[in-house]
Structure formats: C-alpha cells, structure tokens
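These notes concern the structure reproduced below.
The values are calculated or read from the model by the stated rules, or taken from the named source; none is laboratory data. Remember, it's a predicted structure, so these values are computed and weren't measured experimentally. All Cβ positions, even for glycine, are placed from backbone atoms using ideal geometry, and neighbour counts span all protein chains on display. Side chains are part of the model used for accessible areas, which takes the heavy atoms of the whole protein and leaves out ligands, DNA and RNA. Shrake-Rupley method; radii C 1.70, N 1.55, O 1.52, S 1.80 Å.
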Amino acid sequence: MKYSPVTNFINGEQVSGDGQILEVFSPVNGEVISEVPLSSAVVVDKAVDAAREAFPDWSTLTLKERVQIFFRYRQLLEKYRNELTALVSEENGKTSAEAAAEVDKSIELTEFATSLPQLCVGEIEVVSRGVECRSERHPLGVVASISPFNFPNMVPNWTIPNALALGNTMILKPSEQVPLSANRITEILVEAGLPKGVLNVVHGAQTAVEAICDHPGIDAVSFVGSTKVAKIVYKRATSNLKLALCLGGAKNHLIVLPDANEEMTASDVAASMTGCAGQRCMAASAMVAVGKVNAIIDRLCEETKKIVPGKNLGAIISKQAKERIEDYITEAEAQGAKILVDGRGTTVEGRENGFYVGPTVIDFVTPDMKIAKEEVFGPVLAILRTSTLDEAIEIENNSAYGNAASVFTQSGGLAKYVVEHASAGMIGVNIGVPVPREPFSFGGWNESKFGTGDITGKSSIEFWTKPKKTTTKWNPEAKTNWMS
Ligand code: NAD
C-alpha cells in the first residue's frame, strides 16, 4: 500500500476506527493504495464531544480573527497545490489537469471565506423614536458535512471554510471511496493554526452517517451525494429536528438550436460530457437537439474522438460504476437508440486494471428510455431529437432533477425564453458547465437539492448561521406604546 491506513481525526489526534476496514483503490490502475475504517456511532460520539468542547472558544473569536486562519490556509493550499493535485488524481482517477482545477477551486472557495467579514455584517435601524432594532448572525453550533467521491478536495472545501469561519465547529464525513484528500486538508488546516476540536474527521459509510443524523449534539447537517441518499439523510436529519441542506444527483439537459455556433457548441458539449469522466453533477447528460442540427452532432462526435482515456479522459471511480455505465449504454442500444461513439470495453495500455469508459454519444434516445431519465454519471451523452423548442423545454421540465440546464443559440430572445422556462437552479447560455462562481451560490432545484438556501457563496451564510434580533430602548422619555 502506498499510503498508511487512514485514521479518524478527533480533537487534534488520530483515532483508529472501531469497525470494518475497507480497501481504497486507485481507479487509475486498480491498485489498493490505502485502507479506511468504517467507523461506528461510538466514534461519531467522540467527535461530537470534541466539537462541542471546542465551540465556546471558537465561536467567541471575532469573524475577523477566525478568517486569519483561512488566509493562511489559502496560502498553504497554493504551496501544496502539486501534492494535493496528485492525491486527488490518484484516489479519484481524474486527470492531473482536472485535479489541479479542483484544488484551484478550493483556493477560490477559501478566498470567499476570507471575505466573510465584509459580507456578514449586521443591520441596525431606528424603528420608532428612541427604539432601535439590530440584527446579527450567530453560528449554529456543531455542524456535519457529508461528502461524495467525485470532488475529494473541492466538496469538503464547499463547507469547511465558510462554516468554520462563521463560528461553527464541524464533523466531516468524507466518502469512503476517497478518504485521503480529506485527511490532508485537515493536516493543512492544523498547520494554518486551526485549534483542536474545531474540525473533526470521521471516516465511514452508512452507519456513521446515520449516527450523525441521529446525534442530539449536532445542530445542522449538509450532504452532497446521490439523490437516493440525499432523501434518506434529509428525512432522517430533519425528523431529528436538525437543519439540513442535502444536494443530490443530476440529469443536465443541453438544448441545442439550429442557429448555435457549430464549433463552440460541439467543443463545449464534448467537454461538458467528458470532463471528470462525466462524474460531476454539472456534466452534460442529455442533449436535446431541436430541428436540423446534424452538422453540430457530426462535429461533436469528431470532438469526442479527440478525448482519449488515460490521456485527457480520467478513470471511473470503481469497477462496479464502470459496469453500471456500460449497462446503460447496452440497454439503450437494445431499445433502438443509435450508438454514434462507443466507449464500452475501454482499456488503457499499461493500466489494464484501471476502470475506464471512453466517450459515448447515443442518438435517437426517446424520453421513455432509462438512459433519458436516470443519472448515468459517466462520459455518456444521450441525444433526444425534437422539432420545436417547446418540446425540448417539456423534456427538460419533465426531469425529476434540476441541477443545471443550458441552451446553445445565437438568438438572445430564444436564450431568454429557455432561461425563463427551464426548471433548474443553474442555467447556462452557450456554456456547457454553468457553475456559478463565487460570490454566487451553488445549488439546484427539484430532486437535485433538499432544504433551503445554497451550499456555497452568499447564500451559504444563511444556512450556517442563525439571526438574532435585538430591540433596544434607552431613553425613558420615549412614551410607552403598543410595542413597549
Ligand atoms: P453517494 O450518495 O453514494 O454517497 C455520498 C455520501 O453518502 C458518502 O459519504 C457515503 O458514504 C454516504 N452514503 C452512501 N450510502 C449511504 C446510505 N445508504 N446511508 C447514509 N449514507 C450513505 O454519492 P457518491 O456516489 O459518493 O457521489 C456521486 C453522487 O453525488 C452523484 O449522484 C452526483 O450527482 C452527486 N453530487 C451532487 C452534487 C451537487 O452539487 N448536487 C455535487 C457532487 C456530487
């Protein structure tokens, strides 16, 4: 094993797990690189005790004092950029360029957290003679962050800098498939000066997550992962009267109109469907081709053929995930769809035990097919044909998900029509991956998100804090009235 076994990190110390041990594979070559403990409720209990103990001192520092740690953390992320990039690439399988972009995004997220003293200012107003109202935001207490496999560095950084800078203490439960980056992030935060107990990492899977949802010492839970588990976590955490924000899966539709710029559309759609091997919640999954767009589809196929597994296309997280993706393609073909580019049965020379699926483009998919409805989470694009824009919008609107949707056109009026009618939280115009950059917030609609607010940017301030409203009267001359 290249890396020593992963341990939990509680109250500034490494703490062994108490249950089953799972092997950690590198999807790049299928080798076992480490092992991770599947911790029990007892470990969660210890982590909550540490976070509760750290909360009074941490939360009474000023916001300006707390963000000093994130200024240092940001510099350290830059210092260790290459090492963090290599770790992400190794445990998740994405290409070095994609892993570096992920670390850069974590730097941007941290920069946003350092701006919180400018954004999280209170309000005060004289509401009647001699009486003023003031509103300020307070941390929630101990919060939990549960993360998925596809962004081992970035998704923990969606929550850690903002939630901690705003005065909370945290239990992080990373994906058991990619536990290494989370521990390295934690070490770097300690190096930046984070006091012990403020961030605690519990490794594990279902049992640890259930213990988090049930623990009375945890005030709020954020979750990022599949819709199936997002629903379970949202229901369980809120039924235990916790605040919860749970981001789920996606099925993003790209509507392509005949007047779209051929070159830009083809390369953007190809990049969106294959980036991170299609394992991102903003990936193009379905292209709705309106009218005569055959030239764009031909060019798209040419573009996808330039994307080579093991070179500029990363690996799929596991053998099971690779098989699941290939099953979707095979089923669509059996139902009458036409495979224009086929990525099944891909191997990479020298990495024969790695998990790879090549870019796959499937034409003449119909809305009733499984591949049109479900999240595939691989480098696979299903093309659905329509003759009108309204039919295309109807297909997008009928999706259970609602993370992202994009339109490709040169017409401002038609673009506006799609922006107004698409049922998704993040919309793109001539952009394949419409991620809102800081200070805008990240979050979808429908079954792509449960709970109010978004997970990053300005909107996250409302999730990670609670408002306190104070009404004050100091002048005894103010007459007693109905609000005295
Ligand atoms: P997942 O739902 O399998 O796992 C997410 C987390 O939940 C992990 O930490 C895992 O240990 C835990 N978990 C798994 N099964 C559980 C169960 N039965 N009970 C309790 N906890 C459980 O997701 P994944 O496969 O790691 O990640 C891929 C998914 O995440 C995709 O669906 C993708 O769209 C989604 N995702 C969404 C966003 C977003 O912003 N909406 C961002 C990234 C990923």
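Per-residue answers, yes or no, for (1) touching a Gly at 6+ places or on another chain (Cβ under 9 Å); (2) more than 30 Å from Thr274 (Cβ to Cβ); (3) of a type in the set (S, T, N, Q):
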{"site": "Gln14", "(1), (2), (3)": "no, yes, yes"}
{"site": "Gly30", "(1), (2), (3)": "yes, no, no"}
{"site": "Ala50", "(1), (2), (3)": "yes, yes, no"}
{"site": "Ala54", "(1), (2), (3)": "yes, yes, no"}
{"site": "Thr62", "(1), (2), (3)": "no, yes, yes"}
{"site": "Gln68", "(1), (2), (3)": "yes, yes, yes"}
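Just one of the numbered conditions (1) open to solvent by 30 Å² or more (accessible area, probe 1.4 Å); (2) in contact (Cβ under 8 Å) with a residue 40 or more places away in the chain is not true of His203: (1).
Among all positions in segment 332-340, there is no residue which is open to solvent by less than 60 Å² (accessible area, probe 1.4 Å), among the β-branched types (Val, Ile, Thr) and touching a Gly at 6+ places or on another chain (Cβ under 8 Å). When the test is whether a residue is over 27 Å from Met1 (Cα atoms) and in the same structural domain as Val221 (by TED's automatic domain parsing), Leu84 does not pass it. Taking segment 418-458 as the range and being aliphatic (A, V, I, L, M) and either open to solvent by less than 20 Å² (accessible area, probe 1.4 Å) or within 11 Å of the ligand (Cβ to nearest atom) (or both) as the test, the residues that pass are Val418, Ala422, Ala424, Met426, Val435, Ile455. In segment 313-336, the residues that are under 20 Å from Lys251 (Cβ atoms) and in the same structural domain as Asn353 (by TED's automatic domain parsing) reach residues that are loosely packed, with under 15 Cβ neighbours inside 10 Å and among the charged types (D, E, K, R) with C-beta atoms within less than 7 angstrom, at least six apart or across chains, in these pairs: Tyr328/Lys370; Glu331/Lys370.
Taken together, Gly358, Gly345, Gly354 contain a single residue that is away from the ligand (no atom under 16 Å from the Cβ) and surrounded by fewer than 16 Cβ atoms within 10 Å (Cβ to Cβ), which is Gly345.
Mind listing just one residue for me: the one in segment 179-192 that is farther than 25 Å from Ala315 by Cβ and open to solvent by 20 Å² or more (accessible area, probe 1.4 Å) and, of those, farthest from the ligand (Cβ to nearest atom)? Filtering segment 179-192 for residues that are farther than 25 Å from Ala315 by Cβ and open to solvent by 20 Å² or more (accessible area, probe 1.4 Å), the one farthest from the ligand (Cβ to nearest atom) comes out as Glu191.
In segment 404-433, of all residues being assigned to a strand (DSSP E or B) and among the small types (Gly, Ala, Ser), the one that is nearest to Asp259 (Cα to Cα) corresponds to Ser406. Scanning segment 185-200 for residues that are of a type in the set (D, E, K, R) and touching a residue at least 24 places away in the same chain (Cβ under 8 Å) yields Glu191, Lys196. Among the residues of segment 459-480, the ones that are open to solvent by 90 Å² or more (accessible area, probe 1.4 Å) and outside any strand (DSSP E or B) come to 6 in all.
What about Ala415, is it surrounded by 14 or more Cβ atoms within 10 Å (Cβ to Cβ) and under 30 Å from Asp342 (Cβ atoms)?
Judged against the criteria, Ala415 is not a match.
Where helices (runs of 4 or more DSSP H) fall entirely within segment 71-124, those with at least 2 residues that are surrounded by 15 or more Cβ atoms within 10 Å (Cβ to Cβ) and hydroxyl-bearing (Ser, Thr, Tyr) are at 81-92, 96-114. Checking the stated criteria, Glu187 turns out to be acidic (Asp, Glu) and modelled with pLDDT of 95 or more.
The residues in segment 163-178 that are in contact with a Phe, Trp or Tyr (Cβ under 7 Å, 6 or more places away or on another chain), more than 30 Å from Val121 (Cβ to Cβ) and either buried (at least 24 other Cβ atoms within 10 Å of the Cβ) or among the acidic types (Asp, Glu) (or both) can be counted, and the count is 2. Candidates in segment 148-173 are the residues that are of a type outside the set (A, V, I, L, M) and part of a strand (DSSP E or B); of these, the one that is nearest to the ligand (Cβ to nearest atom) is Lys173. Out of the residues in segment 275-318 that are among the polar types (S, T, N, Q) and open to solvent by 10 Å² or more (accessible area, probe 1.4 Å), state the one that is farthest from the ligand (Cβ to nearest atom). The residue in question is Asn294. Suppose we keep only residues that are part of a loop (DSSP other than H, G, I, E, B) and near the ligand (Cβ under 8 Å from one of its atoms) within segment 193-213. Which one would you say is nearest to Glu447 (Cα to Cα)? The qualifying residue nearest to Glu447 (Cα to Cα) is Ala205.
Rundown of residues vs (1) basic (Lys, Arg); (2) surrounded by fewer than 16 Cβ atoms within 10 Å (Cβ to Cβ); (3) touching a Leu at 6+ places or on another chain (Cβ under 8 Å), yes/no style:
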{"site": "Asn11", "(1), (2), (3)": "no, no, no"}
{"site": "Val15", "(1), (2), (3)": "no, no, no"}
{"site": "Ile21", "(1), (2), (3)": "no, yes, yes"}
{"site": "Val24", "(1), (2), (3)": "no, no, yes"}
{"site": "Pro27", "(1), (2), (3)": "no, no, no"}
{"site": "Val36", "(1), (2), (3)": "no, no, yes"}
{"site": "Ser39", "(1), (2), (3)": "no, no, no"}
{"site": "Val42", "(1), (2), (3)": "no, yes, no"}
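Flag: Ser145 matches the condition of being within 16 Å of the ligand (Cβ to nearest atom), surrounded by 14 or more Cβ atoms within 10 Å (Cβ to Cβ) and either closer than 21 Å to Ala244 by Cα or outside the structural domain of Asn168 (by TED's automatic domain parsing) (or both). Could you say whether any residue in segment 391-403 is at pLDDT 95 or above, open to solvent by less than 20 Å² (accessible area, probe 1.4 Å), more than 15 Å from the ligand (Cβ to nearest atom) and under 25 Å from Ala321 (Cβ atoms)? No, every residue in segment 391-403 fails to be at pLDDT 95 or above, open to solvent by less than 20 Å² (accessible area, probe 1.4 Å), more than 15 Å from the ligand (Cβ to nearest atom) and under 25 Å from Ala321 (Cβ atoms). Would you mind stating whether Glu176 is under 17 Å from Val36 (Cβ atoms) and near the ligand (Cβ under 8 Å from one of its atoms)? Yes: the conditions hold for Glu176.
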